[in-house]
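Since every read-out is calculated from the coordinates, none of them should be taken as a lab result. On a predicted model such as this, the values are computed, not experimentally measured, just so you know. Quick reminder, even Gly has a Cβ in these numbers, built from the backbone with ideal geometry, and neighbours come from all protein chains shown.
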Amino acid sequence: MLADAAAPAAKAWFAADKLPLLVALAVVVAAVLGSIAYARTGRPIRIRRLAGLDAVEEAVGRATEMGRPVLFIAGIQDMDNIMTVAGVTILGHVAKVAAEYDAEIEVPTSRSIVMTAARDTVQAAYLAAGRPDSYNPDRIYYVTDDQFAYVAATSGMMARKKPAACFYFGCFFAESLILAENGNAVGAIQIAGTAETAQLPFFVAACDYTLIGEEFFAASAYLSGEPDQVGTLLGQDVVKALVWAIGLAAAGLGTVVALQGPGGALAGFVSAVRAAMGGGA
Amino acid sequence: MSRSVAVLVASVAALAMVLSKFIVPMESAETTVAEWFNAAAAIAFVLGGASLLKMNLLAISARGPGWGYSAVTLLAFLATLGVGLLKVGVAPSVAYPGHRMSGSTDAEGGALWWLYEYAMSPITGTLFAMLAFYVASAAFRAFRAKNAAAMFLLGTAFIVLLGRTYAGVVVTSWIPADMPWVSWLRLENLSAVIMSVFTTAGTRAMIIGIAIGVAATGIKIMIGLDRSYLGAGSGGGNG
């Protein structure tokens, strides 16, 4: 009787319906940590070239030659958004190149915390480039939290200062095309990256280079080249291969079940798996 | 030292948010951490406001191109802040009718409500409406048939756009709808197939890659491997 009463209480500690998610998370963590350990052994890991990141130097160099500023926009979301974090990471690289070339970098932000994080990142980049005196915190400033007010202010700034290189890395919504089209109108080299799938077509249409989805998150590892960071890319590929294999197996199984009909031998098995994964029977 | 503390805070907060999904007594941890962030963001807004004032005052004093916009921005900022803080035109709340400041800042009829309703909202709507023109100019460049891939894109876009209009339905209405071996050629059906099969497949592939990328980035931040967003060590080519 006591045991019966204790059983539900013990179960309540863990959300059993989230077990498949926990297993998937464990697989991702194991793959990433395992790949980092593999990378630390010093074995070579080949990374596909990302044209968008390779073009950063070309774009900043062009801005230097033309005597025009470099514009960097880290999206319109706050630092609690992983895309903003990834954007600020890329800002570090762009700022370092700008410092080396002695180009002026302009970073209007849509959130106060992003402004402070961007200032820290750019200052560290200038320090790493050996030009701490060239760092000007006033070039990284807060505009507004409002989406379209931010677009209006940034577009106006683009029309007046005519940046030669525009970088858009972060979380963007409807403002993506307005920004990219204004950058195009002033003749800037434009490089964008986001994980917002709805905005990718706009960036692809209006920018010279676009980092699509996972490429955007791979930028940090790609730019640093550190074994630990590159190892995470290998981990991502391992998980992707697993997802690919599971998807193929599931599609094959689903096809067999469809051919067998509802009374087939595998129908019950497929229903049970779908129910366990949280899907319909 | 300060960066180590920042990494520790980020790791603990991230771990709490992950555990809140699986450990039932920790369910509220996600909300708590989000509230901490909102509190930090509210404090940081003071820095943002100071930056806004400084940059626009500098622009006005320098009399550079567009300094008039800075003046308008400052006026609008200070006026909005003033009417919001002083609750200009706000009626007292029902619970405390004797206290003028007891009403809600954005209550209907107040000056802040008026500014939002009759200035902010129409301006935002105008900017959003301008998006249509930006789409047209971007499409004009993207759909130039300069090579085989661009021609393929143009053809696909033509089918999808036309298939979603009445004109598209009319153009291929002569194809019998009750014959499955030819009815798929009707533009509305072709458009639906492109959107539900090819577009969905491509988008899902991207979303899976993004989800794995987000998870890997989250792990890097949790274990302190990527500290470039703090202006430190690894990543971002900062050294």
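So what's the angle, to the nearest 10 degrees on a 0 to 90 scale, between helix A:214-224 and the longest Cα principal axis of chain A?
It works out to around 60 degrees.
Dipole magnitude of chain B about its Cα centre, charges +1 at Lys/Arg Cβ and -1 at Asp/Glu Cβ only, in debye to the nearest 20?
Its charge dipole is roughly 760 debye.
Inverting the mean 1/r over all pairs of different Cα atoms, compute the Kirkwood radius of segment A:74-190 and quote it in Å.
14.2 Å is the Kirkwood radius here.
Below 8 Å, C-alpha to C-alpha, sequence gap of six or more: please give me the relative contact order for segment B:86-131 in percent.
31 percent
Let me know the longest stretch in chain B that avoids all trypsin sites (Lys or Arg not before Pro) found in a DSSP loop with at most 13 other C-beta atoms within 10 Å.
B:147-239
Could you please state, rounded to a whole Å, how far the C-alpha centre of segment B:43-67 is from the C-alpha centre of segment A:86-106?
Taking the Cα centre of each part, segment B:43-67 and segment A:86-106 sit 22 Å apart.
Would you work out which of A:V107, A:M83, A:P201 lies farthest towards the positive end of the dipole of segment A:51-224, given +1 charges on the beta-carbon of Lys and Arg and -1 on that of Asp and Glu, about the Cα centre?
Of the options given, the answer is A:V107.
Taking a temperature of 4 °C and a viscosity of 1.567 mPa s, what whole-number D in µm²/s does Stokes-Einstein yield for segment B:84-169 with Rh from Kirkwood over alpha carbon pairs? Write down the numbers at each step before the final one.
On the way: Rh = 17.4 Å.
It comes out at roughly 75 µm²/s.
For B:W67 and B:S93 in one chain, what is 0.36 nm times their gap in residues minus the Cα-Cα distance, to one decimal in nm?
5.2 nm
To one decimal place, what orientation-averaged projected area in nm² is obtained for the convex hull of the Cα set of chain B?
Numbers: hull surface 101.5 nm².
The directionally averaged projection comes out at 25.4 nm².
Just from its helices, what would the mean residue ellipticity at 222 nm be for chain B, if runs of 4 or more DSSP H residues each count -39500 (n - 2.57) and the sum is divided by every residue, rounded to the nearest 500 deg cm²/dmol?
That comes out to -21500 deg cm²/dmol.
Which ³J(HN,Hα) values, rounded to whole Hz and listed in residue order, are derived for segment B:27-33 from phi using the Karplus coefficients 6.51, -1.76 and 1.60 in 6.51 cos²θ - 1.76 cosθ + 1.60 with θ = phi - 60°, glycine and proline given as x?
3, 7, 4, 4, 5, 4, 5
I'd like the projected area of the protein assembly as shown, averaged over all directions, using the convex hull of its alpha carbons. Report it in nm² with one decimal. Walk me through the numbers on the way to the answer.
Values: hull surface 141.9 nm².
Seen from a random direction, the Cα hull of the protein assembly as shown projects 35.5 nm² on average.
How tilted is helix A:267-276 with respect to the longest principal axis of chain A? Cα atoms for both, answer in degrees (0 to 90, nearest 10).
So the inclination is approximately 50 degrees.
Please report the relative contact order for segment A:146-278, taking Cα pairs under 8 Å with a sequence separation of at least 6, and give it as a percent rounded to a whole number.
On the way: 125 pairs, mean separation 20.1, N = 133.
RCO, segment A:146-278: 15 percent.
Would you kindly state the longest site-free stretch of chain B, with sites defined as chymotrypsin sites (Phe, Trp or Tyr not before Pro) in a DSSP loop (not H, G, I, E, B) surrounded by at most 12 other Cβ atoms within 10 Å?
The longest uninterrupted stretch comes out as B:1-173.
What do you get for the angle between helix B:2-22 and the principal long axis of chain B? Use alpha-carbon atoms, 0 to 90 degrees, nearest ten.
Relative to chain B, helix B:2-22 is tipped by roughly 60 degrees.
Can you list residues from other chains, or at least 5 along the same chain, whose modelled amide H is less than 5 Å from the amide H of A:E106?
The list, which skips near neighbours in sequence, is A:V70, A:L71, A:F72.
Once phi is turned into θ = phi - 60°, what whole-Hz ³J(HN,Hα) does the Karplus curve with 6.51, -1.76 and 1.60 give for every residue of segment B:71-77, x standing for Gly and Pro?
Karplus values, whole Hz, x for Gly and Pro: 5, 5, 4, 5, 4, 5, 4.
Given 0.36 nm per residue, what is the gain on full extension from A:A272 to A:A26 after removing their alpha carbon distance, in nm?
Working: separation 246, 0.36 × 246 = 88.56 nm, distance 2.21 nm.
Roughly 86.4 nm would be gained on extension.
Given N residues in segment B:86-131, what is Rg(Cα) / (2.2 N^0.38 Å)?
On the way: Rg = 14.1 Å, N = 46, 2.2 N^0.38 = 9.4 Å.
After normalising by residue count via 2.2 N^0.38 Å, the value is 1.49.
Restricting to DSSP loop positions (anything but H, G, I, E, B) with no more than 15 other Cβ atoms inside 10 Å of their own Cβ, which GluC sites (Glu not before Pro) remain in segment B:1-89?
Passing both the DSSP loop test and the Cβ count: B:E27.
Using unit Cβ charges (K, R positive; D, E negative) and no other charged atoms, how large, in debye to the nearest 20, is the dipole of segment A:137-281 about its Cα centre?
Magnitude of the dipole: close to 240 debye.
For A:L211, what residues show an amide H to amide H distance below 5 Å, using hydrogens built from the backbone and excluding near sequence neighbours?
For A:L211, the qualifying residues are A:A192, A:G193, A:T194.
From the backbone phi of segment A:102-112, what are the Karplus-calculated ³J(HN,Hα) couplings (6.51 cos²θ - 1.76 cosθ + 1.60, θ = phi - 60°) in whole Hz, Gly and Pro given as x?
6, 9, 7, 10, 10, 10, x, 10, 9, 9, 5
Is it possible to state the helix-based mean residue ellipticity at 222 nm for chain A, with each DSSP H run of 4+ residues giving -39500 (n - 2.57), the sum divided by total residues, to the nearest 500 deg cm²/dmol? What is it? Before the final figure, lay out each step's value.
Details: 12 runs with 172 residues, N = 281.
The helix contribution divided over chain A gives -20000 deg cm²/dmol.
What are the residues whose amide H is under 5 Å from the amide H of A:I189, where those residues sit 5 or more places off or on another chain and H is modelled from the backbone?
A:A165, A:C166
Assign unit charges at the C-beta atoms only (+1 for Lys and Arg, -1 for Asp and Glu), then state the dipole size of segment A:51-224 relative to its Cα centre in Debye, rounded to the nearest 20.
360 debye
Once the principal axes of the Cα atoms of segment A:152-256 are found, what is the range along each, listed largest first in whole angstroms?
Principal-axis extents of segment A:152-256 (Cα, largest first): 60, 38, 19 Å.
Counting partner chain Cβ atoms within 10 Å of every residue's Cβ in A:141-152, what's the average?
Mean shielding count: 5.
Between beta-carbons, use under 14 Å as the cut-off and find the net charge around A:D145, counting Lys and Arg +1, Asp and Glu -1.
Combined, the nearby Lys, Arg, Asp and Glu give -3.
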